[in-house]
Amino acid sequence: MTADGPKIDRRGLLLVLSSPSGAGKTTLARRLIESDSSISSSVSVTTRTSRRGEVDGRDYNFIHAETFERMCDKGELLEWARVFDNAYGTPRAPVEAAIAEGRDVLFDIDWQGAQQLSEKMKHDVVRVFVLPPSHEVLEERLRARAQDSEDVVKRRMADASAEISHWPEYDYVIVNAHIEKSLAGLQAILSAERLKRERLDGLTAFVRDMQKAL
Ligand code: 5GP
C-alpha cells in the first residue's frame, strides 16, 4: 500500500502522436512530457542532419545511413520509415524495457510508424492524430517555416495532405486550436487509457486477495 492507495502493477502503454508538420504536435508532446513524470519520449534514430537547436541524443540520435541499415538488418528497430528524403526508426530495446516496467512511452512518428507499431504491439498502442484547426493556419505555419520559398511551401502542403489522409486509422483525433485545451484532451486520453482493465496486470491478484478476505 502507498499513500495513494494500493499499487496495482500495469503494463506501460505506447502513446503515438502523428500529424502533418505545422499542426503543433511537437509543442503538445513537449508539454505532455513536462506535465507528467510517468511518460518519456522515445528517441528515434534518423539519417537526416540535425537542425539548429536540436540536440543529439535528446531530439534524435543522428546516425549514418550505413548504421541505420545495420540496425534494421539486425532487427534492432521496432519500426522504421522513409519520410521525405530521410530514414527514421524507433530503437526496440528501450521500448520493450519500458512496457515491461510499467512505464509509458510517447512517440512522435508518422502514419507508417503508427501502422507498424499497431501491427506489432496492438494491445499496448494508443494512437492520437493531431489536426490543425484550419488549412489557413496550417499554410501560415508552413510558410513561416519555409521562409518564403514557394516550392518548399507547396511540397509541404502536399506532404501535409498525404499525412492527414491517414486520420481514420487513429484511436483519437485532437483538433489543435488551443494548446491548453489540446493538452487537457491528451492528458484525459492518457489517464483513461492507463485505467484500461487489460493493462492492469496486477488486478487479478488484487481482487483475488480481496475476495479471499471477505
Ligand atoms: P522531422 O524531420 O521534421 O523531425 O520529422 C519528419 C517526420 O518524421 C515527422 O512526421 C515525424 O513524426 C516522423 N518521424 C520521426 N521519427 C520517426 C520514427 O522513428 N519513425 C517514423 N515512422 N517516423 C518518424
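Bear in mind that the values in this text are calculations on the coordinates, not laboratory data. These numbers come from a predicted model, not from an experiment. Glycine also receives a Cβ, built like all others from the backbone with ideal geometry; neighbour counts cover every protein chain displayed.
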Checklist entry - Among N176, N86, N61, which one shows the biggest mean-square fluctuation in a GNM of the chain, springs joining Cα atoms closer than 10 Å? => result N86
Item to check | Most mobile of A29, A192, A177 in a GNM of the chain (Cα contacts under 10 Å) | outcome: A192
Checklist entry - According to the square roots a ≥ b ≥ c of the eigenvalues of the Cα gyration tensor, what is the shape class of segment 150-198, taking rounded for a/c under 1.5, prolate for a/b larger than b/c otherwise, and oblate for the remainder? => result oblate
Next on the checklist: I need to check one value: relative contact order of segment 66-151, counting alpha carbon pairs closer than 8 Å and at least 6 residues apart, in percent.
Outcome noted: 19
Checklist outcome for this item: A correct fewest-to-most ranking of E79, E169, E193 by other Cβ atoms within 10 Å would be E169, E193, E79
Checklist entry - Under a point spin-label approximation (7 Å from Cα along Cα-to-Cβ), what is the E198-F62 distance to one decimal in nm? => result 4.0
Item to check | chymotrypsin sites (Phe, Trp or Tyr not before Pro) lying in DSSP loop within segment 39-115, provided at most 12 other Cβ fall within 10 Å | outcome: F84
Checklist entry - What is the local net charge at V45, summed over the other residues whose Cβ is closer than 15 Å to its Cβ (Lys, Arg +1; Asp, Glu -1)? => result -4
Next on the checklist: Give the residue list of trypsin sites (Lys or Arg not before Pro) in segment 59-94 that are DSSP loop and have at most 12 other beta-carbon atoms within 10 angstrom.
Outcome noted: K74
Item to check | Whole-angstrom gap from segment 1-44 to segment 70-97, using each part's C-alpha centre | outcome: 20
Item to check | Amide H within-cut-off set for S41, under 5 Å, with H built and near neighbours excluded | outcome: L106
Next on the checklist: Can you tell me, using C-alpha contacts under 8 Å and at least 6 residues apart, the relative contact order of segment 113-214 as a whole percent?
Outcome noted: 31
Next on the checklist: Let me check the size of the chain from its C-alpha atoms; what are the radius of gyration and Dmax in Å?
Outcome noted: 19.1, 72
Checklist entry - segment 121-191: Rg/Rh from Cα coordinates, Kirkwood Rh? => result 1.05
Item to check | Close Lys-Lys pairs in the chain, where close means Cα under 30 Å and separation is 8 or more or interchain | outcome: 17
